[in-house]
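The values are calculated or read from the model by the stated rules, or taken from the named source; none is laboratory data. From a predicted model like this one, the values you see are computed outputs, not experimental measurements. Cβ sites come from the backbone with ideal geometry, for glycine too, and all protein chains shown count toward neighbours.
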Amino acid sequence: MNIAVTFLPRQERAPLPPIGFIGGGNMACAIIGGLIKRQVPTATFEVVEPQAEARERLRHDFGISAHAVASAALERCGVLVWAVKPQSFAQAAQGVRGLAPDALHISVAAGIPSDSIARWLATEQVVRAMPNTPALVGRGMTGLFARAAVDPAGRNQVEQVLGATGELLWVDAESALDAVTAVSGSGPAYVFYFIEAMTEAGLELGLTPEQAHRLAVGTFTGASILANDASEPPAVLRERVTSKGGTTYAAMTSLENADVKAKFKTAIRAAHQRAAELAEEFGRG
């Protein structure tokens, strides 16, 4: 399976068209907030959000007046971002289909196959995105798949819209999004799990809650930056801090004896299997 990352030079990017959001929850707010930080005016956005509380948040945080239901206001949009719950997608599509017939559709709804989206919306201009929760702070990792009808200009628009949330990775097979889901989509939970364990261990060893938390989070942050910037693979970086007979060696030996790496990979494979199952379940209709 080949995975490719493609970015167009910033100077070649055309201005963004009006962008519609179907769903105004956390992920929509992350994208809108990131774009506003990049000086995209609020008048660029049209948002459809049935929940009054979420509409009030959009008004309070961004000065955006969202609509409770889809309307002709979406007709001006060149891009529609689908940020709805997967189980609500098919029904939401009924109210939007035909309102913006030439729009590029970007789905951040987990598990919905692009075949289903294309059928529900009667268009081939569909891109699926699998973001993760660090997108909420502009440090996300998003996997992307475009249907064949999406041209380079369309991919360019996707990068402009979702690049505001962090890093982007294009995959050339839609099935690869299940792997993206298992590794990075669910990945923040794995990191939080280990931070939780490290913090609890620190408490048991006599640190205060604040000390243990800062040490655990700071260690993950620093190690991640080092792994990103280093030319060596993680295994080499690990070996460099694992002197035989030392403290790290004792910890790593304990982890190896408990077969933690194999069990962790088994957990990721379970997430991958569930992603495939959800795609089959949500794509019906």
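The table below gives the values:
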| quantity | calculated |
| --- | --- |
| Any hit, the range 20-41, residues being assigned by TED's automatic domain parsing to the domain that holds G138, among the aromatic types (F, W, Y) and touching a Pro at 6+ places or on another chain (Cβ under 8 Å) | no |
| Test: residue in the range 224-231 that is in contact with a Gly (Cβ under 7 Å, 6 or more places away or on another chain) and not assigned by TED's automatic domain parsing to the domain that holds L177 | no |
| Top-ranked residue in the range 76-92 [being modelled with pLDDT of 95 or more and surrounded by fewer than 19 Cβ atoms within 10 Å (Cβ to Cβ); ranked as nearest to P131 (Cα to Cα)] | G78 |
| Qualifying residue in the range 108-119 (condition: in contact (Cβ under 8 Å) with a residue 12 or more places away in the chain, within 23 Å of the chain's Cα centre (by Cα) and exposed (fewer than 15 other Cβ atoms within 10 Å of the Cβ)) | yes |
| Among (1) over 14 Å from V79 (Cα atoms); (2) out of contact with any Pro (no Cβ under 9 Å at 6 or more places or on another chain); (3) buried (at least 18 other Cβ atoms within 10 Å of the Cβ) - the single one V137 does not satisfy | (3) |
| Residue ranges of helices (runs of 4 or more DSSP H) in the range 228-285 with at least 3 members among the acidic types (D, E) and either out of contact with any Pro (no Cβ under 6 Å at 6 or more places or on another chain) or surrounded by 12 or more Cβ atoms within 10 Å (Cβ to Cβ) (or both) | 260-282 |
| Conditions (1) touching a residue at least 24 places away in the same chain (Cβ under 8 Å); (2) surrounded by 15 or more Cβ atoms within 10 Å (Cβ to Cβ); (3) of a type outside the set (K, R); number of the one not met by G202 | (1) |
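To keep it simple, each residue is scored yes or no on (1) in the same structural domain as A110 (by TED's automatic domain parsing); (2) in contact with a helix residue (DSSP H, G or I) (Cβ under 9 Å, 6 or more places away or on another chain).
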site: A146; (1), (2): yes, yes
site: D151; (1), (2): yes, no
site: V161; (1), (2): yes, yes
site: A164; (1), (2): yes, yes
site: W170; (1), (2): yes, yes
site: Y193; (1), (2): no, no
site: E196; (1), (2): no, yes
site: A201; (1), (2): no, yes
